[in-house]
Amino acid sequence: MTLDRPAAKADSAPSASALKPAAPAPAPLVLLPLDERPVNVQLPADVAAIAGTTLHLPPSVLLPDFRTPGDAAGLGQWLRTTLTELSGETAAPVDALVSLDMLCYGGLIASRTSADDLPSVIGRLEELKTIHERCPGVNVDAVGLVMRASSNSASVEEPDYWHLHGHELHVLGGSIHRYLDESEIPPLSELTRVPAEVVADFERRRLRNHIVNLHSLDLAESGVLRTLAITADDTAEFSAGSAEQTWLRHWMRALPSGRSVHMYPGADEVGATLVARSLTARHGITPRIHIECAHPEALQRVPPYENQPLTASIDRQLGIVGAVRADDVEGAGKVGAEVPAADAILVVHGPEDGRQDLASAAPLTSDERAAAETGALIQRLLAEGHHVALADVRYPNGADPLLGDWLIEHGLLLELEAYSAWNTAGNTLGSVLSLLVAGVVGRATGTLDERARRVALVRRLLDDFAYQGVIRRRRFEELFRLDSRPLTPERALHAEDVIGADLQTTLQSWGPTGVDLVRTALPWKRAFEVGLELTAQQ
């Protein structure tokens, strides 16, 4: 089965990438990830590998281990030392891609649970100033998160009191947000029954996080940061996170450099998007991506766990990876007419008009017609010779199994250029666009690693479609017993064996893929995510 194809011929102007001369072998990238999970470590490495680029990551001993924070001080020192060494070894600029949550707290969970005081946290953030002063050949691209207030009542990733008060704290944030433009607001005791000391603890954590994000705007304005993204983790139209974005947006509009700051829904995909942005920036390439959707009205919906229409998220995710809509290029055709000259096409399987979530074991109401129409669209575009990627955001936390089955039945699953269908729409969009853009850059510069691209495609298909969309739901009660707590080591090993066997069977059923599944792991000993070690066949 063909896993690659030449770009479509076009009578219009050459693509943006075709206008750029081939570049020399790229300098390495350095990533301080959001945490140690595969989507934050392996996915960015896959993106870099597709374009033939080396990605440097911290040693595992410095990274967090689930609820145990990473060594924030050690990570800052590792970052400075590594950048100093690399910048002295290469004449090309070295790009540092930094998660502020890792640098300041030691990881994502630590940003919500640590007791670190504000002066300590800001002191770690100031490490970026030191790097800027001592490593003049280094570009720093950074991302900070607007802290979430999860609507569930599980303490797995939150402060210990979350199982008692989590949902109420989520509701409180939305209630206060609704009074944002009001001069009067009811007393706190009328808005929530959560004890005042718990409210104070949680809100002080939010305040600490907000001050870090404000300080990052100052670092961007002073030139310490080349790129700054502030993304929102699991939010809603009315929520504490959405209110904080309003305040941040004010400063983004007031500061001269603030308009270049990126703010949008997302979290775990940010490492991958920063890698993709570095690739496009260093080669001076602006990939032109055409967006297609079998049901255009779905692009206007606000996906679950987000606070803006899907089409706005697409534009912001294109912006952070350094790409543009092909339709927006001067002389391009209109959406719904002929496909404009583009480096690649992203097909979006839009969100349903409902709130189903594949992370639960509840029965799924699927739409065979919607899946078939998206599949037929992909089939047509592939037949025309385009590089086609699929962003399946039909449901949160996994792929639409009917669409995956349709693509298998028609022999198209492995014909995709890139694929993603996990967690929120923002996570999916950022991931697939990063993989897609890396391929565009690799082809333009002659550094494309086809084996790496194939491995990345199969990894996401096995994870997002086979595991999250099918196996997890089928095995959920058997392996995880509807328990939100992490598994014991013995139960985790058993679950890994069962899931690994299921994934091996699935992989073999797809026919020749050129990829072997070596190992399956549950990095946080829970059902939500899986780690897959893959190798390309010789």
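The values are calculated or read from the model by the stated rules, or taken from the named source; none is laboratory data. What you see is a predicted model, and the numbers here were worked out from it, not measured in a lab. Here the Cβ positions follow ideal geometry from the backbone for every residue, glycine too, while neighbour counts run over all protein chains shown. Heads up: the accessible areas ignore ligands, DNA and RNA and are worked out on the full protein's heavy atoms, side chains in. Shrake-Rupley method; radii C 1.70, N 1.55, O 1.52, S 1.80 Å.
Sub-6 Å Cβ pairs linking a first residue in the stretch 280-300 that is within 20 Å of Gly52 (Cα to Cα) to a second residue that is charged (D, E, K, R), at least 6 apart or interchain, are Gly284/Lys20; Ile285/Lys20; Pro287/Asp343, ordered by first then second residue. Tell me whether the stretch 395-414 contains one or more residues that are closer than 19 Å to Pro265 by Cα, open to solvent by less than 10 Å² (accessible area, probe 1.4 Å) and assigned to a strand (DSSP E or B). Scanning the stretch 395-414 turns up at least one residue that is closer than 19 Å to Pro265 by Cα, open to solvent by less than 10 Å² (accessible area, probe 1.4 Å) and assigned to a strand (DSSP E or B). Among the residues of the stretch 480-488, at least one is open to solvent by 30 Å² or more (accessible area, probe 1.4 Å), part of a loop (DSSP other than H, G, I, E, B) and of a type in the set (Ser, Thr, Tyr). Exactly one residue among Gly336, Gly385, Gly331, Gly375 is small (Gly, Ala, Ser), assigned to a loop (DSSP other than H, G, I, E, B), at pLDDT 95 or above and farther than 27 Å from Arg148 by Cβ, and that residue is Gly385. Residues that are hydroxyl-bearing (Ser, Thr, Tyr) and open to solvent by less than 10 Å² (accessible area, probe 1.4 Å): does the stretch 446-455 have at least one? Checked against the condition, which is being hydroxyl-bearing (Ser, Thr, Tyr) and open to solvent by less than 10 Å² (accessible area, probe 1.4 Å), the stretch 446-455 yields no hits at all. Applying the selection to the stretch 496-538, what residues are small (Gly, Ala, Ser), under 26 Å from Asn427 (Cα atoms) and part of a loop (DSSP other than H, G, I, E, B)? Ala527 - this is the single residue of the stretch 496-538 that is small (Gly, Ala, Ser), under 26 Å from Asn427 (Cα atoms) and part of a loop (DSSP other than H, G, I, E, B). The single condition from (1) surrounded by 24 or more Cβ atoms within 10 Å (Cβ to Cβ); (2) farther than 20 Å from His210 by Cβ that Arg282 fails is (1). Pairs linking a residue in the stretch 430-452 that is on the phi > 0 side of the Ramachandran plot to a residue that is open to solvent by 10 Å² or more (accessible area, probe 1.4 Å), with Cβ atoms under 6 Å and 6 or more positions apart or on different chains, are Gly446/Ala22.
Just one of the numbered conditions (1) more than 30 Å from Gly322 (Cβ to Cβ); (2) buried (at least 19 other Cβ atoms within 10 Å of the Cβ); (3) under 25 Å from the mean Cα position of the chain (by Cα); (4) not small (Gly, Ala, Ser) is not true of Asn152: (2). When you check Leu86 against the structure, is it more than 12 Å from Leu32 (Cβ to Cβ), open to solvent by less than 40 Å² (accessible area, probe 1.4 Å) and aliphatic (A, V, I, L, M), yes or no? For Leu86, the condition - more than 12 Å from Leu32 (Cβ to Cβ), open to solvent by less than 40 Å² (accessible area, probe 1.4 Å) and aliphatic (A, V, I, L, M) - is met. Looking only at residues in the stretch 54-89 that are modelled with pLDDT under 95 and of a type outside the set (A, V, I, L, M), the one that is farthest from Thr447 (Cα to Cα) is Thr84.
Residue check: Ala267 meets all listed conditions (1) open to solvent by less than 10 Å² (accessible area, probe 1.4 Å); (2) in a loop (DSSP other than H, G, I, E, B); (3) at pLDDT 95 or above but one, namely (3). Out of everything in the stretch 201-237 that is under 20 Å from Arg277 (Cβ atoms) and of a type in the set (D, E, K, R), what residue ends up being surrounded by the most Cβ atoms within 10 Å (Cβ to Cβ)? Out of the qualifying residues, it is Asp233.
In summary, Trp247 fulfils each of the numbered conditions (1) over 25 Å from the mean Cα position of the chain (by Cα); (2) open to solvent by 60 Å² or more (accessible area, probe 1.4 Å) with the single exception of condition (1). In this structure, Ile185 does satisfy being open to solvent by 40 Å² or more (accessible area, probe 1.4 Å), over 30 Å from Leu29 (Cβ atoms) and of a type in the set (Val, Ile, Thr). Scanning the stretch 33-56 for residues that are over 28 Å from Pro159 (Cβ atoms), in a loop (DSSP other than H, G, I, E, B) and open to solvent by 20 Å² or more (accessible area, probe 1.4 Å) gives Gly52, Thr54.
Against the criterion of being part of a helix (DSSP H, G or I) and out of contact with any Gly (no Cβ under 8 Å at 6 or more places or on another chain), Ala27 does not qualify.
Contact annotation: residue pairs with Cβ atoms under 7 Å, 6 or more positions apart or on different chains, pairing a residue in the stretch 184-200 that is over 11 Å from Leu172 (Cα atoms) with a partner that is in a loop (DSSP other than H, G, I, E, B) and open to solvent by less than 100 Å² (accessible area, probe 1.4 Å), are Ile185/Tyr179; Val198/Tyr161. Return a yes/no flag: does the stretch 160-170 have any residue that is over 25 Å from Trp524 (Cβ atoms) and surrounded by 15 or more Cβ atoms within 10 Å (Cβ to Cβ). So far as the stretch 160-170 goes, yes, one or more of its residues are over 25 Å from Trp524 (Cβ atoms) and surrounded by 15 or more Cβ atoms within 10 Å (Cβ to Cβ).
Considering the stretch 351-372, and only residues there that are acidic (Asp, Glu) and at pLDDT below 95, the residue that is surrounded by the fewest Cβ atoms within 10 Å (Cβ to Cβ) turns out to be Asp353.
The set of residues in the stretch 488-521 being within 26 Å of Val156 (Cβ to Cβ) and either of a type outside the set (A, V, I, L, M, F, W, C) or at pLDDT below 95 (or both) consists of Thr488, Pro489, Glu490, Arg491, His494, Glu496, Asp497, Gly500, Asp502, Arg519, Thr520. Exactly one residue out of Gly144, Gly107, Gly137 is touching a residue at least 40 places away in the same chain (Cβ under 8 Å), in contact with a strand residue (DSSP E or B) (Cβ under 9 Å, 6 or more places away or on another chain), within 23 Å of Ala229 (Cα to Cα) and open to solvent by 10 Å² or more (accessible area, probe 1.4 Å): that is Gly137.
Within the stretch 507-523, the set of residues being among the polar types (S, T, N, Q) and crowded, with 18+ Cβ neighbours inside 10 Å comprises Thr513, Thr520. Only one entry of Val470, Val432, Val437, Val458 meets the criterion of being surrounded by fewer than 24 Cβ atoms within 10 Å (Cβ to Cβ) and either closer than 28 Å to Ser366 by Cβ or under 19 Å from the mean Cα position of the chain (by Cα) (or both), and that entry is Val470. Per the conditions (1) in contact with a helix residue (DSSP H, G or I) (Cβ under 6 Å, 6 or more places away or on another chain); (2) buried (at least 24 other Cβ atoms within 10 Å of the Cβ); (3) under 30 Å from Gly442 (Cα atoms), the sole criterion not satisfied by Ala240 is (3).
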